[in-house]
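Worksheet for the structure shown next.
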Amino acid sequence: MKKPFLLLFGVLLVFSATNSYAQFGARGGLNVANFDGFSFNSRLGFHLGAFYEYELQPEWSIEPGIYFSQKGYKSSSGDIRENLGYIDIPILARYRFADMFNVFAGPQGSLLVSRNYTLNGNVSQTMEVLRGYDIAGVLGAGVDLPYDINLQISYDLGLVSLNYFDVNVKNRVFKFSVARRF
């Protein structure tokens with residue numbers, strides 16, 4: 001589990017040593033998550049973490065980040081809840097236009113770090129019933145506001161099966177975020 005963190009740290013170190021415009025930032029917000037292939041309701045959760053924005057050109061930047069993100073699903077009656085905790089590591093390419101708008105896309109690797117499955121009040125935390133990682137594509141759009149504030153909406157499209165109880169399902173997550181650059 002240390003390898004992704006060391007890789008991200010190395011990437012950040014190289015970027016910071018070679019660029020005159022780079023900024024760290026913090027981002028957090030609301031997740032609306034579900035599994036593709038299941039007929040359950042979406043689960044509300046949150047994401048919180050940090051990013052490093054490296055400007056390639058005035059309108060283009062690369063943005064690696066690291067976030068804790070809650071995913072999963074729930075039943076309509078509320079008697080079944082699947083609460084999954086992931087460490088998300090996206091590497092996004094961001095394009096800015098019209099002075100304040102931006103669009104972005106890129107790959108994201110995620111490591112499963114916690115699971116809390118509730119069925120009629122009984123709780124299971126075993127993580128052996130699904131894959132311990134996820135690979136996703138991230139797409140989104142944002143707006144830059146004064147004081148280095150950024151609002152954005154994004155969609156995480158899981159690309160690999162989670163092999164959840166030997167069923168082919170994939171994570172699907174809408175994210176609504178607020179960020180502050182420092």
Notebook entry, point to check: What tally of residues in the range 1-43 results from selecting those that are modelled with pLDDT of 55 or more, of a type in the set (Ser, Thr, Tyr) and not in a strand (DSSP E or B)?
Noted result: 2
Next item on the list: Considering only the range 97-117, state which residues are of a type in the set (S, T, N, Q) and buried (at least 17 other Cβ atoms within 10 Å of the Cβ).
Entry: ASN102, GLN108, SER110
Check: within 21 Å of the chain's Cα centre (by Cα) and at pLDDT below 95, is that true of ARG96?
Finding: no
Notebook entry, point to check: In the range 121-167, which residue that is outside any strand (DSSP E or B) and exposed (fewer than 12 other Cβ atoms within 10 Å of the Cβ) is modelled with the lowest pLDDT?
Noted result: GLY121
Margin query: Looking at the range 44-61 only, could you name the residues that are in a strand (DSSP E or B) and either out of contact with any strand residue (DSSP E or B) (no Cβ under 9 Å at 6 or more places or on another chain) or among the polar types (S, T, N, Q) (or both)?
Written below: SER61
Note to self: Based on this model, can you work out whether ALA179 counts as assigned to a strand (DSSP E or B), among the small types (Gly, Ala, Ser) and touching a Gly at 6+ places or on another chain (Cβ under 7 Å)?
What the structure shows: yes
Next item on the list: Name every residue in the range 35-49 that is buried (at least 16 other Cβ atoms within 10 Å of the Cβ) and either closer than 16 Å to ASP88 by Cα or hydroxyl-bearing (Ser, Thr, Tyr) (or both), in order of residue number.
Entry: SER42, GLY45, HIS47, GLY49
Check: Is it the case that some residue within the range 151-173 is over 13 Å from the mean Cα position of the chain (by Cα), touching a residue at least 12 places away in the same chain (Cβ under 8 Å) and under 17 Å from HIS47 (Cβ atoms)?
Finding: yes
Next item on the list: Mind listing whichever residues of the range 145-166 are over 23 Å from TYR52 (Cβ atoms) and small (Gly, Ala, Ser)?
Entry: GLY158, SER161
Next item on the list: Give the range 60-82 a look and list any residue that's of a type in the set (A, V, I, L, M) and either modelled with pLDDT under 95 or crowded, with 21+ Cβ neighbours inside 10 Å (or both), or say none.
Entry: ILE80
Next item on the list: For ALA105, work out the one condition from (1) more than 27 Å from GLY37 (Cα to Cα); (2) free of Cβ contacts under 8 Å to residues at least 40 places away in the same chain; (3) out of contact with any Phe, Trp or Tyr (no Cβ under 8 Å at 6 or more places or on another chain) it doesn't fulfil.
Entry: (1)
Note to self: Whether any residue in the range 125-137 is under 30 Å from GLN23 (Cα atoms) and aromatic (Phe, Trp, Tyr) is what I want to check.
What the structure shows: yes
Notebook entry, point to check: Would you pick out the residues in the range 134-150 that are more than 24 Å from ASN41 (Cβ to Cβ) and of a type in the set (D, E, K, R)?
Noted result: ASP144, ASP148
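The values are calculated or read from the model by the stated rules, or taken from the named source; none is laboratory data. Note that the coordinates shown come from a computational prediction; the quantities given were computed from them, not determined experimentally. Glycine also receives a Cβ, built like all others from the backbone with ideal geometry; neighbour counts cover every protein chain displayed.
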